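Presented below is the structure to which this report refers.
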Amino acid sequence: MAAKLKKGDKVVVLAGKDKGKEGSISSVDPKAGKAVVEGINIAIRHTKQSQTNQGGRIPQAMPIELSNLALLDANGKATRVGFRMEGDKKVRFAKTTGDVIDA
């Protein structure tokens with residue numbers, strides 16, 4: 001299946017404890033169907049001190065299901081993603097406005 005959400009996309013959370021919050025995707029795991037969004041689904045990691053880091057209680061963004069995320073269109077509203085052919089190239093577009101997401 002084609003990737004509807006990619007790294008760097010601006011998204012809004014549709015369900016869960018962070019519902020309504022916005023952020024950008026920092027990584028996607030298509031096999032697990034999850035993505036890590038900056039500032040969303042934060043958990044506290046208790047990390048032991050080492051030579052490279054100080055350790056302690058470090059907040060870390062945990063993966064969230066792709067089904068709980070929606071792309072933000074140019075107007076800042078949640079939208080679904082569709083695919084269409086423009087010339088000989090397959091592009092993603094926002095279903096609400098019809099605008100092409102990646103040029």
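The values are calculated or read from the model by the stated rules, or taken from the named source; none is laboratory data. For clarity, every value in this text was computed on a predicted model and none was experimentally measured. Backbone-built Cβ (ideal geometry, glycine too); neighbour counts: all protein chains shown. All accessible areas refer to the heavy atoms of the entire protein, side chains included, with ligands and DNA or RNA removed. Shrake-Rupley method; radii C 1.70, N 1.55, O 1.52, S 1.80 Å.
Could you list, in sequence order, the residues of region 43-62 that are open to solvent by less than 60 Å² (accessible area, probe 1.4 Å) and either in contact (Cβ under 8 Å) with a residue 12 or more places away in the chain or in contact with a helix residue (DSSP H, G or I) (Cβ under 9 Å, 6 or more places away or on another chain) (or both)?
ALA43, ALA61
Taking the stated definitions as given, is ARG84 modelled with pLDDT under 95 and farther than 22 Å from ALA32 by Cα?
yes
Looking at region 1-20, which of the residues that are of a type in the set (A, V, I, L, M), over 19 Å from ASN75 (Cβ atoms) and open to solvent by less than 60 Å² (accessible area, probe 1.4 Å) is modelled with the lowest pLDDT?
Among those that are of a type in the set (A, V, I, L, M), over 19 Å from ASN75 (Cβ atoms) and open to solvent by less than 60 Å² (accessible area, probe 1.4 Å), it is ALA2.
Tell me the residue from GLN54, GLN60 that is assigned to a loop (DSSP other than H, G, I, E, B) and polar (S, T, N, Q), please.
Sole residue among the options that is assigned to a loop (DSSP other than H, G, I, E, B) and polar (S, T, N, Q): GLN54.
Mind listing whichever residues of region 21-42 are among the basic types (Lys, Arg), outside any strand (DSSP E or B) and surrounded by 14 or more Cβ atoms within 10 Å (Cβ to Cβ)?
Matches in region 21-42: LYS21 only.
Checking the structure you have, find out if any residue of region 78-91 is outside any strand (DSSP E or B) and touching a strand residue (DSSP E or B) at 6+ places or on another chain (Cβ under 8 Å).
Looking through region 78-91, at least one residue is outside any strand (DSSP E or B) and touching a strand residue (DSSP E or B) at 6+ places or on another chain (Cβ under 8 Å).
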